[in-house]
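I have placed the structure first, in the form of structure tokens, so that the comments after it can refer back to it.
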Amino acid sequence: MEYRTIKKWHNKISLLGFGCMRFPLLENGQIDEKQTEQMLDLAIKEGINYIDTAYPYLDGKSEPLVGRLLKKYERSSYFLATKLPIYAFETKEEAYKIFHKQLERLQTNYVDFYLLHAMDKSRWEKCKKLGILDMCEELKKEGKIKHFGFSFHDSFQVFEEMINYHPWDFCQIQLNYMDVEEQAGIKGYELAKSLGIPVVVMEPLKGGSLTKFSNDVEEIFKKENPNKSIASWGLRFIGELDNVMVMLSGMSTYEQVVDNLSTFKDFKPLNEKEKVVLNQAIKQIKSRVKNGCTGCRYCMPCPNGVDIPQNFYLWNRQAMYDNYKVCTFGWKNLSLEKRANNCIGCGKCEKLCPQHLSIRQDLKNAYETLKVIDEM
């Protein structure tokens with residue numbers, strides 16, 4: 001396993017972190033706890049020591065399950081990260097209660113890395129107004145939080161304001177080879193580095209979108225190195241950034257864990273020739289993607305039952321592969337009430353979307369593309 005040493009904390013952190021937002025599910029929609037345990041056990045056995053969850057993940061079931069599964073391990077053997085849900089409180093006292101509820105759910109006395117979750121301009125103003133930063137600093141003094149930071153989904157300008165406002169221990173941003181100019185982006189990474197603030201990278205594989213492509217795109221990668229998985233290119237791209245202390249992968253199958261571990265067993269960032277190859281692939285991919293949905297599901301639930309991320313996933317998948325076959329099964333198994341044409345245009349989703357997508361119009365476009373499947 002590749003590790004990054006954070007000198008000011010004397011911490012040795014696995015460069016690959018286990019994101020606990022996309023655990024495998026059973027047919028009834030419940031978490032497949034047996035497979036999840038196997039995945040987490042393998043990850044820890046092979047050296048992953050950074051486990052990341054959050055209050056709302058998997059309808060609030062991620063934290064309790066992570067707490068149970070980690071009880072078999074010595075607490076000092078891993079770093080646990082979770083996040084304060086800014087939407088879930090209106091007072092400092094309520095936020096304080098939520099934090100302690102999180103400790104109970106995680107069955108721990110402290111959190112190694114605690115983040116203000118999914119920060120944007122409005123949530124940032126709310127945290128300042130309610131004194132949430134002071135609350136977290138007090139919890140640090142009590143030893144209940146070891147390191148305090150934030151995860152971010154907004155423009156670079158907002159990121160710049162936030163990161164310069166407070167002496168953060170770390171920050172978490174979305175970054176991958178398709179999104180270097182989105183949100184905080186590579187500029188945000190460089191700013192954090194200049195301030196000596198370590199960076200956690202989320203979505204290095206863009207919600208799984210960078211793990212499989214159409215044959216012509218995959219051929220670009222395979223021609224250069226037929227023995228490396230498509231996913232490994234995205235992880236190695238991020239690994240070159242020396243101020244990234246950990247990158248999170250929300251692994252949802254045992255096979256994904258195995259593949260990612262193989263990338264980090266003898267980790268090598270992209271070389272100059274591979275960077276040229278990657279840029280060729282990026283150019284090809286960008287010509288096809290319809291929108292930048294990562295499947296984070298912050299837009300959900302839809303008041304009228306539309307499964308927004310699933311519709312966009314199928315729409316983008318069809319566009320990237322230029323092939324209806326790759327999304328036919330998903331569309332035919334998407335219940336009628338969850339399809340894009342049931343959008344009533346209320347706009348609630350657009351206010352919550354970290355990517356600031358034009359969701360209502362995109363749903364119309366997605367339906368026009370995907371309804372063809374019903375006639376095939």
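The values are calculated or read from the model by the stated rules, or taken from the named source; none is laboratory data. Note that the structure is predicted; figures quoted are calculated from it, not measured. With ideal geometry, Cβ positions are generated from the backbone for all residues, glycine too; neighbour counts draw on all protein chains shown. All accessible areas refer to the heavy atoms of the entire protein, side chains included, with ligands and DNA or RNA removed. Shrake-Rupley method; radii C 1.70, N 1.55, O 1.52, S 1.80 Å.
A few remarks follow.
- Accessible area in the full protein assembly, largest first, 1.4 Å probe, for E94, E104: E104, E94
- Of the solvent-accessible surface of the chain, computed with a 1.4 Å probe over protein heavy atoms with every protein chain present, carbon and sulfur atoms account for 48 percent.
- Most mobile listed residue (Q102, Q183, Q157) in the chain, GNM with C-alpha springs under 10 Å: Q157
- Oblate is the label for segment 1-62, because a/c, from the alpha-carbon gyration tensor with a ≥ b ≥ c as root eigenvalues, is 1.5 or above and a/b does not exceed b/c.
- Averaging 1/r across all pairs of distinct Cα atoms in segment 164-247 and inverting the result yields a Kirkwood radius of 13.7 Å.
- Taken over segment 259-355, the convex hull of the Cα atoms encloses 148 Å³ per residue.
- Most simply put, the chain has about 15% antiparallel DSSP beta bridges, counting only bridges with both residues inside it.
- Loop-located GluC sites (Glu not before Pro) in segment 118-226, at most 15 other Cβ atoms within 10 Å (DSSP): E142, E181
- Heavy-atom accessible area with a 1.4 Å probe sorts K45, K364, K121, K126, largest first, into K45, K364, K121, K126.
- Taking all Cα pairs closer than 8 Å and separated by 6 or more residues, the relative contact order of segment 230-325 comes to 24 percent.
- Note on segment 305-352: semi-axes of the ellipsoid equivalent to its C-alpha gyration tensor, largest first and rounded to whole Å, are 21, 13, 7.
- Compactness index (Cα Rg / 2.2 N^0.38 Å), segment 212-297: 1.13
- Estimated FRET transfer efficiency when R0 is 30 angstrom, pair E272-N215 (beta carbons, to 0.05): 0.70
- Exposure of D59 as accessible area (Å², to 10), given a probe of 1.4 Å and all protein chains: 140
- Ratio of Rg to Rh over segment 53-135 (Cα coordinates, Kirkwood Rh, two decimals): 0.99
- Taken over segment 1-149, the convex hull of the Cα atoms encloses 121 Å³ per residue.
- Evaluated at q = 0.09 Å⁻¹, the base-10 log of the normalised Debye intensity for the chain, with identical point scatterers placed on the Cα atoms, takes the values -0.51.
- Karplus (6.51, -1.76, 1.60) ³J(HN,Hα), θ = phi - 60°, over segment 251-260, in Hz, Gly and Pro reported as x: 6, 10, 9, 4, 5, 5, 4, 4, 5, 5
- L175 long-range amide H proximity, modeled H, under 5 Å: M202
- All-pairs alpha carbon distance profile, segment 317-376, 5 Å steps from 0, percent: 4, 17, 25, 23, 18, 11, 2, 0
- 1.4 Å probe accessible area per residue over the chain, in Å²: 46
- Members of K12/K45; K34/K71; K146/K187; K83/K146; K144/K193; K34/K338 lying beyond 24 Å, as alpha-carbon distances in this model show: K146/K187; K144/K193; K34/K338
- Rounded to the nearest Hz, the phi-derived 3J(HN,Hα) couplings of segment 25-42 under the Karplus curve 6.51 cos²θ - 1.76 cosθ + 1.60 (θ = phi - 60°) are 10, 7, 4, 7, x, 7, 5, 7, 5, 5, 5, 4, 4, 4, 5, 5, 4, 5, where x marks glycine and proline.
- Extension gain, Q280-Y73: 0.36 nm per intervening residue step, less the Cα-Cα distance, totals 70.1 nm.
- Near the amide H of L15, within less than 5 Å, lie the amide hydrogens of E2, Y3, R4, all on another chain or at least 5 residues away, with H placed in the peptide plane.
- Vicinal HN-Hα couplings computed from phi for segment 153-165 (Karplus, 6.51 cos²θ - 1.76 cosθ + 1.60; Hz; Gly/Pro x): 9, 6, 7, 4, 4, 5, 4, 4, 4, 5, 5, 8, 7
- The chain - percent relative contact order, Cα under 8 Å, separation 6 or more: 15
- When only Cα pairs below 8 angstrom with a gap of at least 6 residues are kept, segment 271-360 shows a relative contact order of 32 percent.
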